[in-house]
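Just below is one structure, and these are the notes that go with it.
Please treat every number below as a calculation from the coordinates, not as lab data. Quick caveat: nothing in here was measured; it's all calculated off a predicted structure. Positions of Cβ are generated from backbone atoms using ideal geometry, with glycine treated the same way; all protein chains shown enter the neighbour counts.
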Amino acid sequence: MRYRTIVTFLVACALSLCPAWPARAAHGSWRTMTTGHFTLFSTMGDADTRQVARQLQGFEQTFGDALRTGDRMPDTPTLIYLIGARDFNAYLAPRPGLGGFFVSTHAYNLMVINADEPFKYVRVAVLHEFVHYVQRNTSTMNFPPWYMEGNAELFSGFDLTKDRMEFGKLPYGVHINLKQWIPVERLLAVKQSDPEYQSETLAPQFYGEAWALVHYLFFDDKTLLAPTSRYLDATNAGVPEPEAFASSFPFDKAELDQRLRRFVAEGRILVMHATLPEEVVIDALPITRIDAAESAMMLTRLALRTNPYSPALKVLAAELSSERPSDPAVRALCARIAAHGLFKIQIDDLADRYAAGGSDDAQVRIDIADALLTAPPKNMSTAKALAMLSDLIQGDTPNIEAVELWMQAAERTGTDPRQIIAALEPVRIRAPHDTAILRSLARAAESAGNKEQARGFYNEIILVSSMPGERLWAQKQADSRRLQH
């Protein structure tokens with residue numbers, strides 16, 4: 001996530017306390033374009049949308065490979081939303097003060113940015129969230145917050161002008177106040193639940209110092225690369241942070257604090273300049289307009305994906321229903337929202353219609369299936385979900401969200417485990433960190449009597465999971481007596 005420190009935009013009141021807002025709000029029309037494997041949805045003008053896409057493509061070409069620390073990138077959609085401040089703050093931002101945030105699931109990656117900030121800030125926020133996208137999709141290490149955010153801030157300082165690249169400078173919007181200094185001992189200990197990470201007033205200083213620390217450790221003093229790597233490896237392995245620091249660095253935290261304060265105060269930082277082999281040109285890529293009705297639908301779906309329990313969803317769903325009450329796509333999406341307990345909507349007729357199978361209206365089928373599987377389980381509802389998704393999981397690159405929902409329905413209905421394995425194996429290759437699919441594959445292999453294959457899937461979870469508890473659980477399953485020959 002990235003905090004903005006330039007403009008403070010606070011939602012005036014909670015949605016439930018805003019009766020003056022009209023039921024039908026004007027969200028404006030969006031536009032979309034695709035560059036590389038990214039799809040952008042934007043409320044910005046064409047020129048600014050293209051400039052964001054150009055910076056992103058140039059950054060990926062320059063640093064994409066260097067940022068990848070492990071597995072290859074997953075074959076899942078990556079969607080970037082550049083959304084106006086009103087909708088960003090009212091419906092999307094998880095807390096005040098954010099200029100952008102990143103959401104990663106096994107089915108898609110989302111970067112959501114406040115597009116009404118100054119363009120320089122939008123560019124920095126997009127690059128910051130892109131770094132998180134790479135970090136979380138190619139590494140299973142549990143990095144501490146100071147490293148995750150400091151590394152993202154460091155790389156977000158990238159700037160591209162024609163074929164000239166600049167990297168290492170203080171990103172636009174990042175500030176460090178020596179009078180509000182966070183001691184290094186505290187900086188290293190901050191968790192995501194702490195005020196320094198969560199608070200709108202404290203987080204900017206934390207992000208700024210995290211940038212300085214990563215810059216100093218990895219970029220300005222090369223003798224500290226090896227100790228820092230040892231430290232990160234140790235904390236990832238579960239070594240207590242104080243012990244990891246003492247065994248990795250040749251000095252104590254007080255010494256590092258003095259060095260970092262001096263580094264910031266002097267302002268002498270290493271900045272790299274380079275000329276790219278050729279200029280990044282995307283002017284020929286088409287931009288497609290999205291009308292207001294479809295934009296409202298997409299905003300509602302984005303809000304569902306970023307926070308399915310947000311009260312704001314009730315407002316957006318009411319807007320959609322009032323404008324298009326009989327549209328199957330609207331009814332299906334609203335039913336999916338309703339399944340999370342916000343309100344009730346009846347879609348028995350849609351469920352019966354799509355339970356006949358087929359691959360038309362794929363998103364409608366996915367929404368209905370999710371609503372049926374999320375609501376209190378009923379055998380008939382689960383069977384309908386399974387039927388309406390069966391045709392969507394065919395082919396070489398099936399929709400991963402459809403496959404994951406089909407997987408849930410298949411396990412509940414006792415589908416032949418060999419059929420489950422056949423359906424999930426292709427997706428396992430495309431989404432290598434999807435441990436939900438690996439768990440289902442392990443259960444299916446065990447049910448089919450293939451103990452060796454089940455152990456293999458549990459061992460794969462150990463390798464790709466970023467959660468120590470899940471890795472330990474998988475180790476216990478792989479070593480259990482029931483899976484031994």
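With P(r) over Cα pairs in 10 Å bins from 0, in percent defined as stated, name the option among [x] 4, 17, 26, 26, 19, 8, 1; [y] 3, 14, 18, 19, 17, 13, 8, 5, 2, 0, 0; [z] 5, 20, 27, 21, 15, 9, 2, 0 computed from the structure displayed.
Computed from the coordinates, P(r) over Cα pairs in 10 Å bins from 0, in percent corresponds to [x].
Using +1 at the C-beta of Lys and Arg and -1 at the C-beta of Asp and Glu, which of 244, 204, 316 has the Cα lying farthest in the positive direction of the dipole of region 189-347?
Going by the Cα projections, it comes out as 316.
Pull out a ≥ b ≥ c, the square roots of the eigenvalues of the alpha-carbon gyration tensor of region 2-275, then state rounded if a/c is under 1.5, prolate if not and a/b is larger than b/c, and oblate in the remaining case.
Prolate, because a/c is 1.5 or more and a/b exceeds b/c.
Find which of 427, 461, 473 sits farthest along the positive direction of the dipole of region 417-485, computed with +1 on the beta-carbon of Lys and Arg, -1 on that of Asp and Glu, about the Cα centre.
473
If you wrap a convex hull around the C-alpha atoms of region 417-485 and split its volume per residue, what is the figure in Å³?
Each residue corresponds to 66 Å³ of Cα convex hull volume.
At 222 nm, what helix-only mean residue ellipticity would the chain give, in deg cm²/dmol to the nearest 500, using -39500 (n - 2.57) for each DSSP H run of four or more?
Rounded to the nearest 500, the figure is -16000 deg cm²/dmol.
Specify the angular offset, from 0 to 90 degrees and rounded to the nearest 10, of the alpha carbon long axis of helix 362-374 from the longest principal axis of the alpha carbons in the chain.
So the inclination is approximately 90 degrees.
From zero up to wherever the largest Cα-Cα distance of region 328-474 sits, split into 5 Å bins and tell me the percent of pairs in each.
Bins of 5 Å from zero give 2, 10, 19, 19, 18, 14, 11, 6, 2, 0 percent of pairs.
Quick one: Cα centre-to-centre distance for region 194-209 and region 394-410, in angstrom?
Region 194-209 and region 394-410 have Cα centres spaced 40 Å from each other.
I'd like the orientation of helix 417-430 relative to the chain: the angle between its Cα long axis and the longest Cα principal axis, in ° from 0 to 90, rounded to 10.
With rounding to tens, the tilt is 30 degrees.
Explain nothing, just compute: Karplus ³J(HN,Hα) = 6.51 cos²θ - 1.76 cosθ + 1.60, θ = phi - 60°, for every residue of region 91-104 in order, whole Hz, x for Gly and Pro.
10, 10, 4, x, 7, x, x, 7, x, x, 7, 10, 10, 10
Could you work out the local net charge near residue 312, counting Lys and Arg as +1, Asp and Glu as -1, over the other residues with Cβ closer than 14 Å to its Cβ?
Summing Lys/Arg as +1 and Asp/Glu as -1 gives +3.
Please give the net charge around residue 157, taking every other residue with its beta carbon less than 9 angstrom from that of residue 157, where Lys and Arg add +1 and Asp and Glu add -1. Please report the intermediate quantities before stating the final value.
Working: positive: 169; negative: 153, 159, 166.
In short, -2.
Around residue 230, under 14 Å between beta carbons, what's the net of Lys plus Arg minus Asp minus Glu among the other residues?
Working: positive: none; negative: 233, 241, 243.
Cβ neighbours under 14 Å give a net charge of -3.
Once you sort the root eigenvalues of the Cα gyration tensor of region 131-201 as a ≥ b ≥ c, which label holds: rounded (a/c under 1.5), prolate (a/b larger than b/c) or oblate (the other case)?
Judged from the Cα gyration tensor, region 131-201 comes out oblate (a/c at least 1.5, b/c at or above a/b).
Please state the charge dipole magnitude for region 90-222, taken about the Cα centre, from unit charges on C-beta atoms (+1 on K and R, -1 on D and E), reported in debye and rounded to the nearest 20.
The dipole magnitude comes to about 140 debye.
How large, in Å, is region 324-415 by the Kirkwood hydrodynamic radius built from its alpha-carbon pairs?
Hydrodynamic radius (Kirkwood, Cα only) of region 324-415 equals 12.9 Å.
Return the lysines within reach of residue 314: Cα separation strictly under 17 angstrom, same-chain partners fewer than 8 residues apart disregarded; answer none if there are no such residues.
Excluding near neighbours in sequence, the set is 344.
Which angle from 0 to 90°, rounded to the nearest 10, does the C-alpha axis of helix 379-389 make with the longest principal axis of the chain?
The answer is roughly 70 degrees.
How much length is gained on full extension from residue 476 to residue 287, taking 0.36 nm per residue of separation minus their Cα-Cα distance?
Result: 62.9 nm gained on full extension.
What's the center-to-center distance, using Cα atoms, between region 345-370 and region 284-312 in Å?
Each part's Cα centre sits 20 Å from the other's.
Taking a 20 Å limit on the Cα-Cα distance, which of the listed pairs 191/253; 222/253; 191/222; 169/222; 451/476; 120/169 fall beyond it?
Numbers: 191/253 18 Å; 222/253 18 Å; 191/222 27 Å; 169/222 17 Å; 451/476 14 Å; 120/169 13 Å.
Distance filter (> 20 Å) returns 191/222.
On alpha carbon coordinates alone, what is the Rg over Rh value for region 168-235, Rh being the Kirkwood radius?
Radius of gyration over Kirkwood radius for region 168-235 works out to 0.98.
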